[in-house]
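Following: one structure in structure tokens, then a few remarks.
Derivation of every value follows stated rules applied to the coordinates shown; laboratory data play no part. Here the structure is a predicted model, which means the values were calculated and not measured. Note that each Cβ is placed from the backbone with ideal geometry, even for glycine, and that neighbours are counted across all protein chains shown.
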Amino acid sequence: MIQSMTGFGKSLTQLPSKKITVEIKSLNSKNLDVNARIPSQYREKELQLRNLISRKLTRGKVDFTLFVEITGEESTAAVNKPVVKKYMEQLKDIVSADETELLKMAVRMPDAVSTTREEIDESEFQAIEDAVKNALEEINQFRTDEGQALENDLKLRVGNIETLLTEVIKIDPERVEAVRERLRRGIADIKEHVDENRFEQELVYYIEKFDITEEKVRLENHLNYFKDSLSSEDSNGRKLGFISQEMGREINTIGSKSNYAPMQQVVVQMKDELEKIKEQLLNVL
């Protein structure tokens, strides 16, 4: 079963004094590209979290966000009293204001509030890891659900191409006869007598150049291979992309060889269906 590269996962964890929120969003990309937004106090654990994400999400442009909200009395910020007093003394020489206004200005100055860095508690980080795992499970389920919708659409498009290929096969004898008749009319128009046997030999040679038997067989094989790969256990968008390219080559060759308007019209419809397949495959994992 295929998976989409588009997905979203979110997990909330409540600790005694903190609320942890993890959000993971992914879009299509050729490779895995993780953009992490993490509070500064958890930066030392960023590589560990990235590795956890890369083991679960093999491809896609991934935005990973970790929010940590203090909900209790815990705080690492403190007013730097000596610095604030010094600022107030200096401000008195510059502006005329009461103590309250001077304090408001002083606390906005650099180093007025100091933040002490605390070591990450292992139990807290374990809770963060668990939250990330839960979000990854959610995003993978999202990708699977989206993949099912993609698979249904791809099966529809491949089925349409198969139907159109059947129409091409049906039209082919009519096309050969139309080419034969067009050549006979051309000879008749120039009012030249030709050797009938030589004409038939040249006609066979000419028609052989426009024979599409091999292309029809190869396209049918590619369509079957595409369906088999679509139903395999692994999601492989790259492989399906390669097969669709081969399908395109055969369809283009049939179009260039057809030399017959009704068949060319069918080929245009096949190309339209194939383009829709290629667009969908851009989002397949």
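Going by alpha carbons, how many degrees (0 to 90, nearest 10) lie between the helix axis of 122-189 and the longest principal axis of the chain?
20
Given the options THR58, THR100, THR144, which has the most mean-square fluctuation in a GNM of the chain, springs set between C-alpha atoms less than 10 angstrom apart?
Maximum among the listed residues: THR100.
Measure nothing but the geometry: give the 0 to 90° angle between the long axis through the Cα atoms of 196-209 and the longest principal axis through the Cα atoms of the chain, rounded to 10°.
10
Choose one answer from SER231, SER26, SER17: the residue with the largest mean-square fluctuation in a GNM of the chain with alpha-carbon springs under 10 Å.
Of SER231, SER26, SER17, the Gaussian network model singles out SER17 as fluctuating most.
Running a GNM on the chain with Cα contacts under 10 Å, which residue among ASP33, ASP272, ASP98 ends up with the highest mean-square fluctuation?
Between ASP33, ASP272, ASP98, it is ASP98 that shows the largest mean-square fluctuation.
Within a 10 angstrom radius of the beta carbon, how do ARG50, ARG238 rank from fewest other beta carbons to most? If you can, show how the numbers build up before the last one.
On the way: ARG50 16, ARG238 12.
Neighbour counts put them in this order, fewest first: ARG238, ARG50.
Exposure proxy check: SER244, SER4 ranked by fewest other beta carbons within 10 Å? Please list the in-between numbers first.
Details: SER244 20, SER4 25.
Result, fewest neighbours first: SER244, SER4.
Could I have the simple spin-label model distance between ALA178 and ASP63, label points 7 Å from Cα toward Cβ, reported in nm to one decimal?
For ALA178 paired with ASP63, the spin-label model returns 5.2 nm.
Can you work out ³J(HN,Hα) from phi for every residue in region 103-111, in order, using Karplus 6.51 cos²θ - 1.76 cosθ + 1.60 and θ = phi - 60°, giving whole Hz and x for Gly and Pro?
Coupling constants for region 103-111: 5, 4, 6, 5, 6, 8, 6, x, 6 Hz.
Would you please give the residues with an amide H less than 5 Å from that of GLY60, counting only those at least 5 places away or on a separate chain, with H modeled from the backbone geometry?
SER29, ASN31, LEU32, ASP33
So how tilted is helix 237-258 from the main axis of the chain? Cα-based, degrees 0 to 90, rounded to 10.
Roughly 30 degrees, rounded to the nearest 10.
Could you grab the relative contact order for region 1-106? Cα pairs under 8 Å, six or more apart, rounded to a whole percent.
This gives 28 percent for region 1-106.
Taking a quarter of the surface of the Cα convex hull of the chain, what do you get in nm²? Each step should come with its number before you reach the end.
Working: hull surface 105.7 nm².
About 26.4 nm², averaged over all directions.
Give, rounded to the nearest 20 debye, the magnitude of the charge dipole that the chain has about its Cα centre when Lys and Arg contribute +1 at Cβ and Asp and Glu contribute -1 at Cβ.
On the way: 43 positive and 53 negative charges, 108 e Å.
Taking the Cα centre of the chain as origin, the dipole is about 520 debye.
Only Cα pairs under 8 Å and at least 6 apart count here; give the relative contact order of the chain as a rounded whole percent. Working shown, then result.
Working: 373 pairs, mean separation 75.8, N = 285.
The normalised contact order for the chain reaches 27 percent.
On a C-alpha basis, how far is the centre of region 1-27 from the centre of region 44-112 in Å? Whole number, if you could?
With region 1-27 and region 44-112 each reduced to a Cα centre, they are spaced 25 Å.
Please tell me the relative contact order of region 199-285 in percent, rounded to the nearest whole number, where contacts are Cα pairs under 8 Å and at least six residues apart.
Numbers: 58 pairs, mean separation 31.0, N = 87.
The normalised contact order for region 199-285 reaches 36 percent.
Read phi for every residue in region 83-92 and hand back ³J(HN,Hα) as whole Hz from Karplus 6.51 cos²θ - 1.76 cosθ + 1.60, θ = phi - 60°, with x for Gly and Pro.
Result, ordered by residue: 5, 4, 4, 5, 4, 4, 4, 5, 5, 4 Hz.
Starting from the Cα of LYS133, step 7 Å toward the Cβ, then list every residue of region 21-55 with an amide N under 16 Å from that point.
Counting only backbone N, you get 22, 48-55.
Would you please state which residues of region 214-243 a label at ASP153 would reach in this model, taking the label point 7 Å out along Cα→Cβ and a backbone N cut-off of under 17 Å?
230, 236-238, 240-241
Can you sort ARG157, ARG143, ARG55 by how many other beta carbons sit within 10 Å, fewest first?
Numbers: ARG157 20, ARG143 25, ARG55 9.
Result, fewest neighbours first: ARG55, ARG157, ARG143.
Just the C-alpha atoms of region 145-281: what Rg/Rh do they give, with Rh taken as the Kirkwood radius?
Details: Rg = 19.1 Å, Rh = 16.7 Å.
Ratio value, two decimals: 1.14.
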